[in-house]
Amino acid sequence: MEWEVVIGLETHAQLATHSKIFSGASTAFGAAPNAQACAVDLALPGVLPVLNRAAVEHAIRFGLAVGGEVAARSVFARKNYFYPDLPKGYQISQFEIPVVSGGRIFIERDGVETAIRLTRAHLEEDAGKSLHEDFHGLSGIDLNRAGTPLLEIVSEPDMRSAAEAVAYARILHRLVTWIGICDGNMQEGSFRCDANVSVRPKGQQAFGTRCEIKNLNSFRFMEKAIEYEIQRQIEWIESGGTVVQETRLYDPDRDETRPMRSKEDAQDYRYFPDPDLLPLCIDTPWIDRVRESLPELPEAMRGRFVTDFGLSPYDAGVLTASYDLAQYFLALMADVAGEAKLCANWVSGELAAALHRDGLEVRQSRISPAQLGGLLRRIQDGTVSGKMAKEIFDALWNDGGDADTIIASKGLQQISDVSALEKIVEELMAAHPDQVAEYRSGKEKVFGFFVGRAMKASGGRANPAQLNAILKARLAG
Amino acid sequence: MNLANTSLRQLAQALQARQVSSRELAQAYLERIARLDSGLGAFITTDHERTLAQADAADARIASGTAGPLTGIPIAHKDIFCAQGWLTTCGSKMLSSFVSPYDAHVIEQFEVAGALILGKTNMDEFAMGSSNETSFYGQVKNPWDLTRVPGGSSGGSAAAVAARLAPAATATDTGGSIRQPAALCGISGIKPTYGLVSRYGMIAYASSLDQGGVVAPSADDLGLVLNTMVGFDARDSTSIERPREDYTALLDQPLKGLRIGLPREFFSGGVSADVERAIEAALQEYERLGATRVEISLPNTALSVPVYYVLAPAEASSNLSRFDGVRYGWRASRYTDLADMYERSRAEGFGPEVKRRILTGTYVLSRGYYDAYYLQAQRVRRLIVNDFKHAFTQCDVIMGPSTPTVAFGLGEKSSDPIQMYLSDIFTISVNLAGLPGLSIPAGFGEGGLPVGLQLIGDYFSEARLLNVAHRYQQVTDWHARVPALASA
């Protein structure tokens with residue numbers, strides 16, 4: 001039987017605010033345990049939550065960026081359950097009325113832009129952490145993370161393969177980092193996905209029974225976990241089994257998903273509106289102000305790179321892979337006017353390779369757009385050849401400085417002086433009369449021999465175009 | 001100075017005139033507490049050292065000429081308010097070892113004013129009760145008759161003021177917990193409009209109903225204390241930001257033309273004859289002061305008790321989840337695993353009334369019952385709000401009995417929770433609507449026990465309510481009567 005895969009994703013994006021969603025404590029990562037948990041985070045008797053305005057702004061940014069509807073009035077609810085790292089015994093979340101409804105994320109399916117619909121995005125607080133090691137049979141509780149603002153983004157079950165799920169997650173990741181609402185750090189848990197996976201016979205309308213996979217903390221694991229889960233479900237059904245709705249945990253060490261809890265164990269969270277918080281009211285002027293502060297979105301920028309700069313859709317896509325990369329490119333373009341292709345090649349070529357090699361993010365680049373621009377201008381005006389430029393790039397990367405100084409100190413200027421080049425060519429022809437004769441008898445392959453020798457004689461600095469022209473003219477006799 | 005018949009205003013004047021020092025005043029009250037409270041049980045905690053240190057600071061402030069109206073005045077606080085360095089128990093074994101590391105907004109306001117913390121008063125456990133019999137720290141007894149209840153949940157505060165163990169005390173009111181004990185103890189008590197007193201640091205019972213307030217002998221004293229207690233607090237999202245108001249500003253305004261609304265539902269049976277007589281006499285007094293009676297209707301009054309006993313337990317079941325034995329509070333000494341730790345800690349730490357309300361609240365929020373109970377109750381709550389809105393188009397103030405009877409006997413209703421709940425019938429709807437309510441002494445009934453007259457005003461009409469109460473207290477002396485125990 002042919003099977004169709006159905007996947008929906010729930011993503012928790014940690015919002016990049018300075019303080020927590022309902023308290024003034026810092027959200028910085030990595031502090032000593034419980035050093036960033038104030039009275040409100042500890043849920044001392046009598047404390048009350050106060051909503052962080054910045055977290056709401058981030059949610060509005062997201063709603064606008066995905067073309068969703070920002071609710072004029074949304075409600076915070078309490079999700080009640082007991083767990084040691086949940087200090088109040090309830091999580092403040094949004095249940096019936098979320099801050100954002102609808103919206104779309106576009107992925108590519110068979111070369112065509114395809115919309116993945118979003119169900120909703122709502123604000124909620126994170127829990128703390130339970131630490132089960134190092135406490136000799138006891139558990140440690142760290143509440144630094146308790147109260148960190150999260151935006152839970154829920155997609156419709158619109159994805160049809162693990163690859164599509166990963167493509168969606170990557171584009172969502174790019175978007176939330178692009179609009180500055182999330183730092184996107186998956187290792188630190190700033191961007192976490194759960195996948196709802198089911199399969200159905202191709203052509204069937206009704207969905208199969210789904211399983212939710214948790215703990216997908218990298219794109220690679222997400223793809224492997226979903227692939228595993230798809231195979232597990234298909235094999236189980238084909239061998240006569242029935243999929244039961246359950247939550248499964250992905251174990252990357254064994255590359256498998258394992259049951260965590262079944263639907264029967266599902267808790268009754270007893271949601272009800274939090275009486276400590278008023279309904280969240282967002283008026284149109286606020287939404288308008290946020291809209292004005294939104295940067296150009298990646299898809300629009302990509303389109304503009306194609307139409308305005310004449311870049312290929314592929315190049316434009318590479319350059320808009322992240323906000324920082326696009327900003328780097330734009331800064332470079334401002335520095336080296338009118339050389340979009342040259343800039344694009346260097347950013348997606350040498351720069352990307354160097355960053356990747358050293359494991360750096362764009363914002364950690366050892367060469368600034370101004371430094372790279374200085375180099376590209378020397379390519380542009382013919383001072384250095386492309387080959388030389390790569391050498392200079394390495395020098396800039398390793399030792400800093402600026403291209404002009406390096407060119408001057410290392411004597412790397414291209415020889416474009418016609419008389420100097422003519423002299424080299426004349427000497428070469430005088431030294432190799434046999435090859436000259438061969439060329440003139442029609443063996444034009446010998447031309448390459450002269451180019452190589454002339455380059456060598458110039459120390460690699462000969463302007464290739466000029467050299468070619470002079471050689472052609474002289475050899476022709 | 002005879003503390004049994006000196007008002008808070010007189011104490012403040014004596015302090016300003018340097019006729020008495022704050023230290024002397026504090027010592028005198030602490031002496032009274034030491035002498036008289038063993039038979040009452042009104043206080044859970046006193047701390048002479050802390051109180052006297054505050055008194056010395058207040059005396060220095062008075063000497064420097066920077067004192068405010070409450071500087072140097074000892075105030076007792078219901079043990080629901082977190083006060084830094086003080087045991088803050090909420091009347092529960094669960095918090096029997098909880099020393100608060102922070103101050104409630106209310107405590108901060110008194111601190112800024114230079115008032116002293118005289119002690120922490122007893123209360124029904126987590127403010128759940130109408131008789132002060134559910135406290136882990138024992139019953140509080142009614143100073144007028146030690147075999148009777150003082151009312152609850154602010155029974156400790158009310159008994160302390162009735163016995164003149166404190167010139168005034170803070171209290172909280174979720175369904176009548178200020179007005180009912182004030183009535184049963186023969187003192188004045190006000191629950192302001194919801195949102196006027198910050199709930200930050202006030203241990204939550206039912207967040208949408210809880211409101212801090214004050215009990216004192218007279219309306220005048222209530223106004224003085226309210227001036228300090230009310231104030232916007234950004235840490236409470238339901239706190240209302242409005243200009244500071246002097247709640248004593250209107251006290252002497254004449255009552256001519258005042259329209260008193262009398263809800264049919266408050267006078268149609270269910271009220272004992274002695275209470276009815278006292279209320280009728282009070283209304284005649286008001287007519288002599290120039291007021292007129294208007295018959296009104298609050299048709300959903302009967303629904304207020306069931307609505308309250310859905311909504312308050314629902315919120316409580318969630319509010320009390322934080323008491324899990326993990327970070328602070330009672331933790332069972334023996335347990336096998338995490339679930340067992342929760343179960344034992346909460347089973348040991350909470351008393352039966354608290355458990356009953358947690359169970360009720362958990363039930364009404366459960367899947368399949370939420371719509372029928374919680375949502376339905378919210379709908380009725382809106383009807384009750386509308387009843388009051390309509391009523392205030394016809395009258396300026398609503399009056400009626402604060403309670404159906406005078407103080408009942410200790411143990412009389414503790415085995416029948418429904419009977420106990422019904423004793424809050426006249427006070428609960430005010431919380432559901434978020435309106436201000438006041439109870440003032442209006443004579444005595446059966447057994448020489450005090451009767452309370454309830455005044456309900458429109459939103460933010462506290463100053464007017466205090467005025468209406470004050471004019472009555474100018475022509476009567478019920479509020480100045482003290483139980484025999486207090487004059488000892």
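No lab work stands behind these numbers, since they all come straight from the coordinates. All values reported here derive from a predicted model rather than from experimental measurement. Because the Cβ atoms are built from the backbone with ideal geometry, glycine has one as well, and the counts that use them run over all protein chains shown.
List of remarks:
- Cα-based helix-to-principal-axis angle, A:446-457 vs chain A, degrees rounded to 10: 80
- Degrees between helix A:162-178 axis and first principal axis of chain A (Cα, 0 to 90, nearest 10): 80
- Since only A:441, A:460, A:429 are under comparison, the one whose Cα sits farthest along the positive direction of the charge dipole of segment A:418-475, derived from C-beta charges on Lys, Arg, Asp and Glu, is A:460.
- Segment A:74-145: GluC sites (Glu not before Pro) falling in loop per DSSP and having at most 14 other Cβ within 10 Å: A:96, A:133
- For chain A, the longest principal axis of the alpha carbon atoms and the long axis of helix A:298-309 meet at an angle near 20°.
- Our summary gives segment A:296-410 a relative contact order of 20 percent, counting only alpha carbon pairs under 8 angstrom and 6 or more residues apart.
- Distance from segment B:9-61 to segment B:182-197 (C-alpha centre basis), Å: 23
- A:190, B:64, B:297 arranged by Cβ crowding within 10 Å, fewest neighbours leading: B:64, B:297, A:190
- Inter-part distance, segment B:117-142 to segment A:457-477, computed on C-alpha centroids, equals 103 Å.
- The overall shape of segment A:102-245, judged from the alpha-carbon gyration tensor, is oblate: a/c is not under 1.5, and a/b is no greater than b/c.
- Applying a DSSP loop filter and a limit of 10 other Cβ atoms within 10 Å to the trypsin sites (Lys or Arg not before Pro) in segment A:422-457 leaves A:445.
- With a cut-off of 10 Å between beta carbons, the residues surrounding residue B:429 carry a summed charge of -2, where Lys and Arg count +1 and Asp and Glu -1.
- As a length-normalised measure over Cα pairs under 8 Å and 6 or more apart, the relative contact order of chain A settles at 14 percent.
- Fewest-first ranking of B:470, A:173, using other Cβ atoms within 10 Å as the exposure measure: A:173, B:470
- Peptide A:270-282 has a mean of 5 when you count, residue by residue, the C-beta atoms of other protein chains within 10 Å of its C-beta.
- Cα gyration tensor shape of chain A, rounded if a/c is under 1.5, else prolate or oblate by comparing a/b with b/c: prolate
- For the peptides B:234-247, B:38-51, residues were scored by their other Cβ atoms within 10 Å and the scores averaged per peptide; the highest-first order is B:38-51, B:234-247.
- Measuring against 32 Å, Cα to Cα, the residue pairs A:214/B:93; A:88/A:224; A:20/B:389; A:341/A:472 contain A:214/B:93; A:88/A:224; A:20/B:389 as the ones spanning a longer distance.
- The calculated 222 nm mean residue ellipticity attributable to helices in chain A amounts to -12000 deg cm²/dmol, summing -39500 (n - 2.57) over DSSP H runs of n ≥ 4 and dividing by all residues.
- Global geometry of segment B:332-488, whether rounded, prolate or oblate, following the gyration tensor of its Cα atoms and the 1.5 cut on a/c: oblate
- Listed from fewest to most Cβ neighbours within 10 Å, the set B:11, B:255, A:360, B:146 follows the order A:360, B:146, B:255, B:11.
- Averaged over B:199-209, number of beta-carbon atoms from partner chains that fall within 10 Å: 4
- Centre-to-centre, using Cα atoms only, segment B:278-323 and segment A:378-449 are separated by 97 Å.
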